[in-house]
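> Please find one structure pasted underneath; my questions will follow.
No lab work stands behind these numbers, since they all come straight from the coordinates. All values derive from a computational prediction rather than experimental measurement. Using ideal geometry, Cβ is built from the backbone for each residue, glycine included, and neighbour counts are taken over all protein chains shown.
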Amino acid sequence: MDKPFYVNPVLISMEYAVRGSIAKRAAELKRLGRSIIPCNIGNPQAFGQPPLSFYRQVLSLIEYPEIFNSKTHKTPPIFSDTALDYGRTIIEKLEIGTGGYSDSNGHEFIREAIAEFIDKRDDAVKNNGIRSNPDNIFLTDGASEGAKNIIELLITNKQDGIMVPIPQYPLYSATIHRCGGVQINYYPDENEGWILTRNTLEDSYLKAKNNGVNIRAIVVINPGNPTGSVLNKSCVDEVVDFASEKGLAIIADEVYQDNTYGSKFHSFAQAVWNRPHVPLFSLHSVSKGFYGECGHRGGYLEVRNSPKMASTKQSLIEILFRQASVNLCSNTIGQVLVYLMVTPPPEESDVGELHKKEVQSLLKDLHEKASIIKKSFTEMEGVRCYGEIGALYLFPRLDILPAQTTDFNYCMALLESTGLSTVNGGGFGQKEGTHHLRIAFLPPKSMLEEVLPKWIEFHKNYIK
């Protein structure tokens, strides 16, 4: 008899709905020749969204610097003067090229650029705010790595808990589960556009406290994933006040901060300027947003108001550095893309105007596609979608479903009928008794014009 092979039971029970059963079935159907529209994940370039020209010009140059040095090759005319200047500067500052390890927390010149970006974003100088410190910034393989590192840091035993918004991006529930901690759900008000209220936070906090949970931090996703909601300043301040009073750290997932489509983004970094005792871990990524560089995995984690550590003379930054050192460093190309994200070409440069037009065009197109999908919901009985448009997702509520069915059944049937792959609301968590789905508004308009009538017809037949 073969000896049984045991693995960590936590990993067996860990779930990630975005690539779960519905996505697996979509892959099976695709192999069988079915046309599939993969709206289960925010992956813009999978739908043919072109990468930003400036980014790819610079990457090409730094990956093959012989373009600059070879006497037998002339620099191709496709490279703008600004891209050439950026390429030379980056190669010089990298010193070791793109194939070598960087410092564990990332290249210093990139961290300095990120700090300047944050200060500019929040008008730190004009508002006499607290400047960002490059030494408190860590380059990561996408924002997910930073989030996982912080949760791993905070959960010290099975009674340590972290508050997460419901619905939430399943990275958080999966990582809390993997680290052996307690997930504490709090529920933004859907009918009011997914806003946060103090009563909502207090109810979840007290319930966990009464169950003996040691609450360490609160996660806020702004703009929201999966809801697409954009928090106003009042909501952001409410979270900071709450964290301050309860002695909690804040994990601010702000990877879609540029995808607000006219709404104003309010950062948590700015909100804690006058709260030096509220630890803040902010996340951003070039793998998300409108950039669409999902495969390059570039992101950063910024730490503010680092707390005094218990039982050690080490600082939190030292521990985070050691944690990052286990992986040696994040990938260099991802780091460079973050640099390009936070230092766009000057608008007056040869490529600056084109870059700006490309960005504006991408955001305009995304907003229009979201509006087209959202409008189609008005033709589906019992389907409602609340809140402003943000991030890359819509999260409609399905108020009418046949008896004994769930949003999972609905999404699976929708896939089988139309080829449209979405994620059921239960995969993100939701209030008991409600049903939702998440759809990424990424397909080309021509594809939407073809599939939306099919979805409307499917819905009509499904709820009969």
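> Along the positive direction of the dipole of the chain (beta-carbon charges: Lys, Arg +1; Asp, Glu -1; about the Cα centre), which of A269, P223, I176 reaches farthest?
The listed residue farthest towards the positive side: I176.
> Hey, another quick one. Ignoring everything except DSSP H segments at least 4 long, calculate the 222 nm mean residue ellipticity for the chain; use -39,500 (n - 2.57) per segment, divide by total residues, nearest 500.
-12500 deg cm²/dmol
> Rounded, prolate or oblate: which fits segment 108-342, taking a ≥ b ≥ c as square roots of the Cα gyration tensor eigenvalues, rounded meaning a/c under 1.5, else prolate when a/b beats b/c?
Judged from the Cα gyration tensor, segment 108-342 comes out rounded (a/c under 1.5).
> Between R131 and A413, what is the label-point separation in nm under the 7 Å Cα-to-beta-carbon projection?
For the pair A413/R131, the computed spacing is 6.1 nm.
> Can you tally the net charge around M163? Count Lys and Arg as +1, Asp and Glu as -1, for every other residue whose Cβ sits under 15 Å from the Cβ of M163.
-2
> Further question on the same structure: What residues qualify as long-range amide H neighbours of F441, i.e. H under 5 Å apart, gap of 5 or more or another chain, H built at 1.01 Å from N?
Amide H neighbours of F441: Y393, L394.
> Filter the chain for me: DSSP H helices, axial length by Cα at least 24 angstrom, mean Kyte-Doolittle hydropathy not below -1.0. List them by residue number.
Numbers: long enough: 352-377 (38 Å, -0.66); 445-462 (25 Å, -0.69).
Length and hydropathy pass: 352-377, 445-462.
> List, in the order given, every pair from K233/K288; K288/K454; K148/K375; K30/K264; K120/K431 whose Cα-Cα distance in the structure shown is over 32 Å. Don't skip to the answer; put the middle values down first.
Values: K233/K288 23 Å; K288/K454 29 Å; K148/K375 36 Å; K30/K264 40 Å; K120/K431 38 Å.
From K233/K288; K288/K454; K148/K375; K30/K264; K120/K431, over 32 Å: K148/K375; K30/K264; K120/K431.
> Hey, another quick one. Taking the Cα centre of the chain as origin and charging only Cβ (+1 Lys, Arg; -1 Asp, Glu), how large is the dipole, in debye to the nearest 20?
Rounded to the nearest 20 debye, it is 980 debye.
> Taking +1 at the Cβ of each Lys and Arg and -1 at the Cβ of each Asp and Glu, which of P65, S287, P345 sits farthest along the dipole of the chain towards its positive end, judged by Cα position relative to the Cα centre?
S287
> Show me the ranking of peptides 280-292, 310-322, 148-160 by mean Cβ neighbours inside 10 Å, starting with the highest.
Values: 280-292: 25.6, 310-322: 12.7, 148-160: 17.5.
Those peptides, ordered most packed to least, come out 280-292, 148-160, 310-322.
> Restricting to segment 108-342, what percent of DSSP beta bridges are antiparallel, rounded to 5?
40
> Relative to the present Cα-Cα distance, how much length would full extension add between S311 and D85 at 0.36 nm per residue of separation?
Between S311 and D85, full extension yields 76.5 nm more.
> What residues of segment 245-264 lie in the reach of a label at V359, counting those whose backbone N is under 20 Å from a point 7 Å from the Cα along Cα→Cβ?
254-264
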